[in-house]
1. What about Leu31, is it assigned to a helix (DSSP H, G or I) and among the hydrophobic types (A, V, I, L, M, F, W, C)?
2. Filter segment 64-93 for residues that are open to solvent by 100 Å² or more (accessible area, probe 1.4 Å) and not acidic (Asp, Glu) and give the result.
3. Which of the numbered conditions does Val52 fail, given that it passes all the others? Conditions: (1) within 17 Å of the chain's Cα centre (by Cα); (2) assigned to a helix (DSSP H, G or I); (3) among the aliphatic types (A, V, I, L, M).
4. It is to be established whether one or more residues within segment 38-53 are of a type in the set (Ser, Thr, Tyr) and touching a Leu at 6+ places or on another chain (Cβ under 8 Å).
5. Quick check on my filter: what residues within segment 22-63 are farther than 17 Å from Ser87 by Cα and open to solvent by less than 40 Å² (accessible area, probe 1.4 Å)?
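The values are calculated or read from the model by the stated rules, or taken from the named source; none is laboratory data. This is a predicted model, so every value here is computed, not measured. Glycine gets a Cβ as well: all are built from the backbone with ideal geometry, and neighbour counts include every protein chain shown. Quick note on the areas: whole protein, heavy atoms, side chains included, nothing else; ligands and nucleic acids left out. Shrake-Rupley method; radii C 1.70, N 1.55, O 1.52, S 1.80 Å.
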Amino acid sequence: MNIRHLTLTTTCLLAAAALPAAAVAENGATLHQENCTSCHDDSVYKRKDRRVTDMAGLTKQVKRCEQSLGLTWFDEDTDAVVAYLNSTYYKFK
């Protein structure tokens, strides 16, 4: 691998790692709309007696739903849906 190729590869990796939060949230919103709303609407996130009470629980629930639907998301996709749900509904720190 020559230095040009290494520099280009490094630049691309850094750019991908620094995706704006808005792009991540948009991806999460799209994945949510295309998959999660086939089972439920957003009332499940707004109810007072919701089962999800922290980020770990939210991540676990999203992964559980992914598995139930037979999806094969990358970790980045799961993280995007978790980020979208948290920023839109849960507001965990």
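1. Numbers: assigned to a helix (DSSP H, G or I): yes; among the hydrophobic types (A, V, I, L, M, F, W, C): yes.
The answer is yes for Leu31.
2. Result: Arg64, Gln67, Thr72, Phe74, Lys91, Lys93.
3. All conditions are met except number (2).
4. Yes, the conditions are met somewhere in segment 38-53.
5. Selection gives Asn35 alone.
For (1) at pLDDT 95 or above; (2) of a type outside the set (Lys, Arg); (3) more than 17 Å from Ala29 (Cβ to Cβ); (4) in a helix (DSSP H, G or I), each residue gets a yes or a no:
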| position | (1), (2), (3), (4) |
| --- | --- |
| Ala56 | yes, yes, yes, yes |
| Val62 | yes, yes, no, yes |
| Gln67 | yes, yes, yes, yes |
| Leu71 | yes, yes, no, no |
| Asp77 | yes, yes, no, yes |
| Val81 | yes, yes, no, yes |
| Leu85 | yes, yes, no, yes |
| Lys93 | no, no, yes, no |
